[in-house]
Amino acid sequence: MALRKVLLTIVGHVDHGKTSLLDKIRSSTVAAGEAGAITQAIGVSIIPIEVIKKICGSLMNVFQGKVTMQGLLAIDTPGHAAFTSLRKRGGSLADIAVLVIDINEGFKPQTLESIEILRANKVPFIVAANKIDLIDGWQYDEKKFLMDNINGLDYKIQGLFEQKMYELVGKFQELGVEAERFDRVGDYTKQLAIVPVSARTGQGVPELLLVLTALAQKYLEKQLTIEVKGNAKGTILEVKEEKGLGTTIDVIIYNGSLKVNDYLVIGGIDGPIVVKIRALLEPVALAEMRDKKGKFQNVKEVFAATGVKISAPGLEKAIAGMPIRGCSGKAEEMELLKKEVQEEISSVVIEDSEELGVIIKADTIGGLEALRNLLQERQVPIASSSLGEITKKDLGKLEMVREKDEFFGVILGFNVRVPAEIEEMRKTKNLKIFTNEVIYKTIEDYEKFREGLKKEIELRELNNLVRPCKFTILKGYVFRQNNPAIVGVEIEIGRIKSGDPVMNGEGKRLTQVKAMEEKQESLTIAEQGKQIAMSLDNVTVGRQIHEGDFLYTDIPEDDFKKLKELKKHLSKNEVEVLKEIAEIKRRNNPVWGVG
């Protein structure tokens, strides 16, 4: 058993400085006389603890020589897609994350996206408030550490800096996260640390690495304990076509070791994939991983924790985010590993559950898991979760779900494509699909849809109820006295429809609306302010009703109770008439409409 390096991922909005920050950490080693000390593997930069000690200098004295943390494996691959691929059973493969926020721009869509994914995957993180050097009037002495530089600033510049810091703190509070500048944090388990940095000048980089080291050493030691010699466990970071190699996979190995000619068991949608490793490839020293022209060197064996490119026949169906296991090829062992990887997938990819719920799709298994977790946090049930673009089969499922429950009759997609023919079918059948490259936007769109649908259903229900209405019989507008009585009325408050029952001011039901006309055109509904001709059965003008009378809709008791629940959709005047009708009814029955 041994301690592996901490797997660090750097996330945040585009152009806020994620890559620049990692580049600065790399170049700092050159300045510290440690050229080449940061080695590169596929998808990660390996930063040994010795390099961190050099960069941090005297700041490391806080550990009093007791540093057990082995260093960092910083994930190079940019974008959220890479991060959502980083998973293993029970959550994210990343041990800790740095969320980069431009202190001058603040929160942006991908900032919120990153926070949602980090929280959904239960990944601890700290914030790098980048680009402090762009604050007007900022002064910097490269011989001093961050806090000395901040304390030496002119008070006006300090004030501007503090204002920007507390705007970030305030934004986190809105999300229910307690955040504070790193030197003011009292309890790292309850407060999120914000470290001001400049990826351009390097200010704050030692402090950032110090906080990462301290957090890893105090809270992560248990999960960093690994088997060095056992069978490899890992996750596919990317699937790529490489000239001369065909389909390859970039993998992060977080446990054990892997050799050329070992067998690799990979989780797959249609069952496990088994391949024999032809080559293990690492970039040449200090090669830039994202450079497509990067040169690779063959290695015989790799050990956790590291990144490696694997070449093997049969990788065409491999998918980013899938779990992998290494083995020697013994049949019994291989069957166990096949079962293990498929069980890991089946906790996330569920094609057809018995549960009534939404249908979700994503491009990677980690993205699917993040979307799933965020929906479950919001108590949204899931009927089906699968990978890849939206298909006819998904639309078929969607129609079945919609028939049972309109609220769940949707497809929610994260970073997936809707083919043109599917979009055409969706429009024809008026089906609901919400997709976005930003995970929280997909959920936000769904929540807006639910609110709109709820209102639509309530209004539909409201239209079927007898609504509160008060109207008067106009003097001089009696067109017929009875069989039926036809009179001119003015709708004072509310609305009335054909068939609604009518009562007088004593609460006695007199009649119901047989028909209504305005300018010789038939009406189904008459609203406040309208003067219309109304036909009323079983009453005679001069007996049950008189010119100048105020009449009301005679609301059935069950309708009244529903109207109370839906009163947010009624006007203020309608609510007043509703109360008036209740008061009239309760003169004869004190408990009418109660409960």
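For region 541-578, a residue qualifies if it is under 43 Å from the mean Cα position of the chain (by Cα) and of a type in the set (K, R), and the qualifying residues are K561, K562, K564, K567, K568, K572. Q203 falls short on exactly one of the conditions (1) over 30 Å from G137 (Cβ atoms); (2) over 26 Å from the mean Cα position of the chain (by Cα); (3) surrounded by 16 or more Cβ atoms within 10 Å (Cβ to Cβ), and that condition is (1).
A count restricted to region 510-569 and to residues that are among the β-branched types (V, I, T) and closer than 27 Å to L459 by Cβ stands at 6.
Contact map, region 426-449: residues that are without any contact (Cβ under 8 Å) to a residue 60 or more places away in the chain paired with residues that are in a helix (DSSP H, G or I) and of a type outside the set (S, T, Y), Cβ distance under 6 Å, separation 6+ or inter-chain. Pairs shown: L431/L398; I433/R426; F434/D445.
Hey, could you check region 466-489 for residues that are of a type in the set (A, V, I, L, M, F, W, C) and surrounded by fewer than 18 Cβ atoms within 10 Å (Cβ to Cβ) and say which is nearest to the chain's Cα centre (by Cα)?
Filtering region 466-489 for residues of a type in the set (A, V, I, L, M, F, W, C) gives 466, 469, 471, 473-474, 478-479, 485-487, 489.
Filter once more, so that each one left must be surrounded by fewer than 18 Cβ atoms within 10 Å (Cβ to Cβ): 474, 478-479.
Values: L474: 59, V478: 63, F479: 63 Å.
So the residue we want is L474.
Scanning region 435-460 for residues that are in contact with a helix residue (DSSP H, G or I) (Cβ under 7 Å, 6 or more places away or on another chain) and over 23 Å from I422 (Cβ atoms), which turns out surrounded by the fewest Cβ atoms within 10 Å (Cβ to Cβ)? Of everything passing the filter in region 435-460, L459 is surrounded by the fewest Cβ atoms within 10 Å (Cβ to Cβ). The lone criterion from (1) in contact (Cβ under 8 Å) with a residue 60 or more places away in the chain; (2) outside any strand (DSSP E or B) left unmet by K579 is number (1). Between K229, K259, K243, the distinction of being at pLDDT 85 or above and in contact with a strand residue (DSSP E or B) (Cβ under 7 Å, 6 or more places away or on another chain) belongs to K259 only. Applying the condition of being among the aliphatic types (A, V, I, L, M) and within 12 Å of R467 (Cα to Cα) to region 493-532 and asking which residue is surrounded by the fewest Cβ atoms within 10 Å (Cβ to Cβ) yields I525.
I'm trying to understand the selection: among the residues of region 303-327, which are outside any strand (DSSP E or B) and at pLDDT 90 or above?
Filtering region 303-327 down to residues outside any strand (DSSP E or B) leaves 304-305, 312-322.
Across region 303-327, the qualifying residues are A312, P313, G314, L315, E316, K317, A318.
What residue, of D554, D537, D558, D549, is surrounded by 19 or more Cβ atoms within 10 Å (Cβ to Cβ) and either in contact with a His (Cβ under 9 Å, 6 or more places away or on another chain) or of a type in the set (D, E) (or both)? Reasoning before the result, please.
Details: D537 fails: surrounded by 19 or more Cβ atoms within 10 Å (Cβ to Cβ); D558 fails: surrounded by 19 or more Cβ atoms within 10 Å (Cβ to Cβ); D549 fails: surrounded by 19 or more Cβ atoms within 10 Å (Cβ to Cβ).
Within the list D554, D537, D558, D549, the selection yields D554.
Set side by side, the residues F550, F479 differ, and just one is of a type in the set (F, W, Y), in contact with a strand residue (DSSP E or B) (Cβ under 9 Å, 6 or more places away or on another chain), closer than 18 Å to L578 by Cα and in the same structural domain as I584 (by TED's automatic domain parsing), which is F550. Per the conditions (1) surrounded by 18 or more Cβ atoms within 10 Å (Cβ to Cβ); (2) modelled with pLDDT of 80 or more, the sole criterion not satisfied by S20 is (1).
The requirement of being over 28 Å from G17 (Cα atoms) and crowded, with 17+ Cβ neighbours inside 10 Å is not satisfied by K222. The set of residues from region 227-237 being surrounded by fewer than 20 Cβ atoms within 10 Å (Cβ to Cβ) and of a type outside the set (K, R) comprises E227, V228, G230, N231. Taking region 507-560 as the range and being part of a strand (DSSP E or B) and either touching a helix residue (DSSP H, G or I) at 6+ places or on another chain (Cβ under 7 Å) or aromatic (F, W, Y) (or both) as the test, the residues that pass are F550, Y552.
Here region 247-282 is the region considered, the condition is being in contact with a Pro (Cβ under 9 Å, 6 or more places away or on another chain) and part of a loop (DSSP other than H, G, I, E, B), and the residue that is surrounded by the most Cβ atoms within 10 Å (Cβ to Cβ) is G267.
Of the residues making up region 197-232, those that are farther than 17 Å from I49 by Cα and assigned to a strand (DSSP E or B) number 2. Applying the set (1) exposed (fewer than 14 other Cβ atoms within 10 Å of the Cβ); (2) in a loop (DSSP other than H, G, I, E, B); (3) at pLDDT below 95 to K568 leaves exactly one unmet item: (2).
So that you can scan it fast, the table gives a plain yes or no per residue for (1) among the basic types (K, R); (2) in contact (Cβ under 8 Å) with a residue 12 or more places away in the chain; (3) in contact with a strand residue (DSSP E or B) (Cβ under 8 Å, 6 or more places away or on another chain):
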{"residue": "D136", "(1), (2), (3)": "no, yes, no"}
{"residue": "L146", "(1), (2), (3)": "no, yes, yes"}
{"residue": "G159", "(1), (2), (3)": "no, no, no"}
{"residue": "V169", "(1), (2), (3)": "no, yes, yes"}
{"residue": "E180", "(1), (2), (3)": "no, yes, yes"}
{"residue": "P196", "(1), (2), (3)": "no, yes, yes"}
{"residue": "Q217", "(1), (2), (3)": "no, yes, no"}
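The single residue among Y166, Y155 that is surrounded by 12 or more Cβ atoms within 10 Å (Cβ to Cβ), over 22 Å from the mean Cα position of the chain (by Cα), in the same structural domain as V205 (by TED's automatic domain parsing) and more than 16 Å from V211 (Cβ to Cβ) turns out to be Y166. The set of residues from region 368-385 being touching a strand residue (DSSP E or B) at 6+ places or on another chain (Cβ under 7 Å) and surrounded by 21 or more Cβ atoms within 10 Å (Cβ to Cβ) comprises L368, E369, L371, R372, L375, A383, S384, S385. Here T235 does not fit the description of being over 30 Å from L192 (Cα atoms), in a strand (DSSP E or B) and among the hydroxyl-bearing types (S, T, Y).
Listed here are the residues, each with its yes/no results for (1) crowded, with 17+ Cβ neighbours inside 10 Å; (2) touching a Pro at 6+ places or on another chain (Cβ under 9 Å); (3) free of Cβ contacts under 8 Å to residues at least 12 places away in the same chain.
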site	(1), (2), (3)
Q110	yes, no, no
F125	yes, no, no
N130	yes, yes, no
E142	no, no, no
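Of the residues making up region 478-523, those that are among the basic types (K, R) and under 16 Å from D554 (Cβ atoms) are R495, K497, K508, R509, K514.
The values are calculated or read from the model by the stated rules, or taken from the named source; none is laboratory data. The shown structure was predicted, so the numbers you read here are calculated from the model rather than taken from an experiment. Using ideal geometry, Cβ is built from the backbone for each residue, glycine included, and neighbour counts are taken over all protein chains shown.
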